[in-house]
Amino acid sequence: MFELLEGLITKPFNTFLGIIILWGVFYLVFVKLLKLKGSIWHWFEYSWIFVGVFGVLFLVAENRKNRSVNRLEIINTRLKNDVKDLKNYSEISNHCFKYNNSGLLSQEVFDKRQAEQDSVCSWMKKVTAMAEKSINNNYIILDKIPVINIENYQALTEYKHVLIDHQRINEQIKNREELIKIINDDFWEGYKYTFGILFLIIAFALRLTIASKKISEK
């Protein structure tokens, strides 16, 4: 039975043959045996449309799942690359270096600059840890951006870079989670495509039966 059903929904010739056979069965039962009256046939005029619409909706739902699988592969690739890029950026040696006081700056100004650079260095190490945590846990949502103890830190090139990456990565992770929910929705798992084809077969068979009934009355 399962093999017959599988052949019906996967082989075009079997699908066509199924429509013809079901058409013959409907015509035999509804026209020849039951001899249904006109009012019921009027109802059939609408019923085949509704059955066909449900068939299309089932196929659309299955198509949505298939597209979600493809999109998930793309997002996973981008996500891995973006998180690794953020980690690599945070590990650049330029973030941690010592100034040489050439005497052009006062000691106070020099010490302030070096303190700010040390803060950037320390902050970048926290960003590295944040990225590594995500990588080591199957690319989970990035933690909140660590605090950096510098005045007007929003103007720092490093901060702007990390902020943009952080927002993009977390948005990708949220999209990934939504796609996973769609793919793992197993309520109709394995049946949406089957029901879609079967409903369309029934709809076409009904429509052919209605047309045959009208022709036979002329």
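If you go through region 68-115 and keep only what is without any contact (Cβ under 8 Å) to a residue 24 or more places away in the chain, among the charged types (D, E, K, R) and within 30 Å of Asn136 (Cβ to Cβ), you end up with just Glu73.
Selection of region 104-159 for residues being among the β-branched types (Val, Ile, Thr) and in a helix (DSSP H, G or I) yields Val109, Val120, Val127, Thr128, Ile135, Thr157. The single condition among (1) in contact with a Leu (Cβ under 8 Å, 6 or more places away or on another chain); (2) surrounded by 16 or more Cβ atoms within 10 Å (Cβ to Cβ); (3) in contact (Cβ under 8 Å) with a residue 60 or more places away in the chain that Ile180 does not satisfy is (2). Looking only at region 114-148, count how many residues are surrounded by 12 or more Cβ atoms within 10 Å (Cβ to Cβ) and of a type in the set (S, T, N, Q). Of the residues in region 114-148, 6 are surrounded by 12 or more Cβ atoms within 10 Å (Cβ to Cβ) and of a type in the set (S, T, N, Q). All told, Ala155 falls short of being farther than 30 Å from Gly7 by Cα, of a type in the set (A, V, I, L, M) and surrounded by 12 or more Cβ atoms within 10 Å (Cβ to Cβ). Does region 119-137 contain at least one residue that is over 15 Å from Val162 (Cα atoms), within 37 Å of the chain's Cα centre (by Cα) and of a type in the set (S, T, N, Q)? Within region 119-137 (the criterion being over 15 Å from Val162 (Cα atoms), within 37 Å of the chain's Cα centre (by Cα) and of a type in the set (S, T, N, Q)), the answer is yes, since at least one residue qualifies.
Looking at region 188-206, is at least one residue exposed (fewer than 12 other Cβ atoms within 10 Å of the Cβ), of a type outside the set (Asp, Glu) and over 30 Å from Gln114 (Cβ atoms)? Within region 188-206 (the criterion being exposed (fewer than 12 other Cβ atoms within 10 Å of the Cβ), of a type outside the set (Asp, Glu) and over 30 Å from Gln114 (Cβ atoms)), the answer is yes, since at least one residue qualifies. Among residues that are charged (D, E, K, R), exposed (fewer than 13 other Cβ atoms within 10 Å of the Cβ) and under 28 Å from Phe58 (Cβ atoms), Lys160 is not included.
Kindly indicate whether any position in region 55-74 is farther than 25 Å from Asp185 by Cα, touching a helix residue (DSSP H, G or I) at 6+ places or on another chain (Cβ under 6 Å) and not small (Gly, Ala, Ser). The answer is no, given that none of the residues of region 55-74 is farther than 25 Å from Asp185 by Cα, touching a helix residue (DSSP H, G or I) at 6+ places or on another chain (Cβ under 6 Å) and not small (Gly, Ala, Ser).
Against the list (1) more than 18 Å from Ile173 (Cβ to Cβ); (2) surrounded by 13 or more Cβ atoms within 10 Å (Cβ to Cβ); (3) not small (Gly, Ala, Ser), the condition Lys87 fails is (1).
Figure legend. Inter-residue proximity from region 17-38: first residues within 13 Å of Phe204 (Cα to Cα) and touching a residue at least 12 places away in the same chain (Cβ under 8 Å), second residues basic (Lys, Arg) and surrounded by 13 or more Cβ atoms within 10 Å (Cβ to Cβ), beta-carbon distance below 8 Å, spacing 6+ or different chains. Indicated pairs: Tyr27/Lys213.
Quick one: is Ile164 farther than 30 Å from Gly38 by Cα, without any contact (Cβ under 8 Å) to a residue 40 or more places away in the chain and not in a helix (DSSP H, G or I)? So Ile164 does not fit the description; no. Against the definition (surrounded by 13 or more Cβ atoms within 10 Å (Cβ to Cβ) and more than 19 Å from Asn136 (Cβ to Cβ)), how does Leu36 come out, yes or no? Spelling it out, Leu36 is indeed surrounded by 13 or more Cβ atoms within 10 Å (Cβ to Cβ) and more than 19 Å from Asn136 (Cβ to Cβ).
Where a number appears in this text, it was derived from the coordinates with a stated rule and is not lab data. Since the structure is predicted, the reported quantities are computational estimates derived from the model, not experimental observations. Cβ atoms come from the backbone with ideal geometry, glycine included; neighbour counts cover every protein chain shown.
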